[in-house]
1. Is it fair to say Gly274 is touching a residue at least 40 places away in the same chain (Cβ under 8 Å) and surrounded by fewer than 24 Cβ atoms within 10 Å (Cβ to Cβ)?
2. Find all pairs meeting these conditions: Cβ atoms under 6 angstrom apart; at least six residues apart or on different chains; first residue within the stretch 23-39 and farther than 12 Å from Ala121 by Cβ and among the aliphatic types (A, V, I, L, M); second residue modelled with pLDDT of 90 or more and surrounded by fewer than 20 Cβ atoms within 10 Å (Cβ to Cβ).
3. Before we move on, is Leu360 in a loop (DSSP other than H, G, I, E, B) and either in contact with a Ser or Thr (Cβ under 6 Å, 6 or more places away or on another chain) or in contact (Cβ under 8 Å) with a residue 24 or more places away in the chain (or both)?
4. Which one is surrounded by the fewest Cβ atoms within 10 Å (Cβ to Cβ) among residues in the stretch 377-425 that are in a helix (DSSP H, G or I) and hydroxyl-bearing (Ser, Thr, Tyr)?
5. If you check Val32 against the conditions, is it surrounded by fewer than 24 Cβ atoms within 10 Å (Cβ to Cβ), at pLDDT 95 or above and over 24 Å from Leu341 (Cα atoms)?
Amino acid sequence: MNNIVALPVLLPLLGAGVSLALRGRPLAQRFVSISFLSAVVVIAAYLMWTTDQHGPQVLWVGAWPQPLGIVLVADRLSALMLLVSSTVTLIVVIFSIGQGVADRDEATPITIYYPTYLILAAGIANAFLAGDLFNLFVGFEVLLFASYVLLTLGGTGERIRAGTTYVVVSLLSSLLFLVSIAVIYAATGTINLAQLAQRIADLNPSVSLVLQLLLLTVFAIKAAVFPMSAWLPDSYPTAPAPVTAVFAGLLTKVGIYAIIRTQTLLFPHSPLSGLLMWAALLTMLVGILGAVSQSDIKRMLSFTLVSHIGYMVFGVALGTEEGYAGAIFYVVHHIAIQSALFLIAGLIDRVGGSTSVLKLGGLAAISPLLGLLFFAGIMNLGGIPPFSGFLGKVALMRAGIDFGTPLAVVRVVAGVVTSLLTLYALAKAWTQAFWRSPNRAVVRAVATAEDLDIYHLADHNDYELERRDVSEAESETEDRPRRRALPRSMVAAASVMVALSMALTVLAGPLYSYSARAAHDLLKQTPYAEAVLKGPPS
């Protein structure tokens, strides 16, 4: 029965092969993508229930003797991450299908888009289920390959430059990861996580500290923890909206997952909690100050993404059961809300022709639903009660206050300030984009839209718009992006993502209880190690 653990990795890979074989048949590729990702969601839900009821599920791949072979492990934490990530990838692919149909796939070479997207999903699943460091490295490399292709779709100069930065940083972190694996194997004779949990405790403390620093550096780059976060705001905003949404929601969280897994399993009594606390504090403050200074919604969201990574690192730095429970809950919340907001940013770009608040205005008249979705998203991300963002922050702050050190208290205060600045930055963008009267830049951006009467949006007293202004605008904006209609499937997918983030508020009690049980298992260590090392391979 444990063979089901491999399906979240195998099914997307199989789907990628089938989708590639169906090149030139977009309808079939779309059906295959939705079908295989839906199956992964169902399997992830089953694994989450099974691990909660019966403990970790382990699969040794092939007939290799333990612990030399590849092992896949699903416990409470990995099953939860798998369910959330597979749900997000399914919703985002539906959004991208709606966008492709509406645009007739002009900007996306779908022959490679859907297979690459499925490979990305397989890499994410493999990273969550990996039971040894080298398989975790393989998961990261699959992510790197697929994400670079998706990031540079369309081949524009801006995307190629952003993709180059992304791939250089990723390759450097991958090289460092390989060095870390080699050093760990030399010191312990294994890279199996369960065995490492037993052997690292016997090492000289200075050697153990070096190993911990190596792994933390690698995963901090992947998770965009300050000061290794500068690559993210320049890389994500240039990609297509669906790609940016899945990147922002999931890829950095794989790095956070790896930090949580290795810190609890390999270094449970970490001497680096103070360093992690400072990293969390600086990540929050630097990220949110960057967000406040931005005028482009996508870049603003990218900086808030960096900033809120600090909340999760703070939970890890505390090293307590309450801290880890709060961090796990916040990871789930942030995956949902960050993906939702980037999808909404894609809709704003589509209807307004830009994501710069300097060029936007009056969008509430064009699409009230879009304004409502964006408002709900920023309230949640900003931590306004009773949304899940507020509940996650309260859990982390309570854990910090219970921890009691002056640095933890300072970090709690910084968390409150960060939350308020997040709300300020995004609320300002929402007000400017949706509620202010459109200025001449907005008129020029939308003047060529056939289905939009700009005159009922403009303030005639302020701008004295006349027909000749529109003619001039048309001649000046031949190269500007045209405002396009919002397909129902795209709006529906974004609405479902926002609804999912709202549902976390309703389900906060059961979800936090599950997170607390997952945190208990992580700190206890024995359930994971015993499940992996007992008995013959399945």
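1. For Gly274, the condition - touching a residue at least 40 places away in the same chain (Cβ under 8 Å) and surrounded by fewer than 24 Cβ atoms within 10 Å (Cβ to Cβ) - is met.
2. Val32/Val18
3. Numbers: in a loop (DSSP other than H, G, I, E, B): yes; either in contact with a Ser or Thr (Cβ under 6 Å, 6 or more places away or on another chain) or in contact (Cβ under 8 Å) with a residue 24 or more places away in the chain (or both): yes.
Considered against the rule, which asks whether it is in a loop (DSSP other than H, G, I, E, B) and either in contact with a Ser or Thr (Cβ under 6 Å, 6 or more places away or on another chain) or in contact (Cβ under 8 Å) with a residue 24 or more places away in the chain (or both), Leu360 comes out as yes.
4. Tyr424
5. Spelling it out, it is not the case that Val32 is surrounded by fewer than 24 Cβ atoms within 10 Å (Cβ to Cβ), at pLDDT 95 or above and over 24 Å from Leu341 (Cα atoms).
Each row is one residue, and each column tells you yes or no for (1) touching a Leu at 6+ places or on another chain (Cβ under 8 Å); (2) open to solvent by less than 10 Å² (accessible area, probe 1.4 Å); (3) outside any helix (DSSP H, G or I); (4) aliphatic (A, V, I, L, M).
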| residue | (1), (2), (3), (4) |
| --- | --- |
| Ile160 | no, no, no, yes |
| Leu172 | no, no, no, yes |
| Val179 | yes, no, no, yes |
| Ser206 | no, no, no, no |
| Phe219 | no, yes, no, no |
| Tyr236 | yes, yes, no, no |
| Val243 | yes, yes, no, yes |
| Phe247 | yes, yes, no, no |
| Leu250 | no, yes, no, yes |
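Matching residues to (1) at pLDDT below 90; (2) under 24 Å from Pro56 (Cβ atoms):
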residue	(1), (2)
Gly139	no, yes
Tyr148	yes, no
Gly155	yes, no
Tyr166	yes, no
Leu175	no, no
Ser180	no, no
Val210	no, no
Phe219	no, yes
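Table: residues versus (1) touching a residue at least 12 places away in the same chain (Cβ under 8 Å); (2) closer than 30 Å to Val73 by Cβ; (3) touching a Phe, Trp or Tyr at 6+ places or on another chain (Cβ under 8 Å); (4) not polar (S, T, N, Q).
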| position | (1), (2), (3), (4) |
| --- | --- |
| Thr252 | yes, yes, no, no |
| Pro268 | yes, yes, no, yes |
| Ser295 | yes, no, no, no |
| Phe303 | yes, no, no, yes |
| Gly310 | yes, yes, yes, yes |
| Phe314 | yes, yes, no, yes |
| Glu321 | yes, yes, no, yes |
| Phe329 | yes, yes, yes, yes |
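The values are calculated or read from the model by the stated rules, or taken from the named source; none is laboratory data. Note that this is a predicted model, so its numbers are computed, not measured. Here Cβ is always computed from backbone atoms with ideal geometry, including for glycine, and neighbour counts include all displayed protein chains. All accessible areas refer to the heavy atoms of the entire protein, side chains included, with ligands and DNA or RNA removed. Shrake-Rupley method; radii C 1.70, N 1.55, O 1.52, S 1.80 Å.
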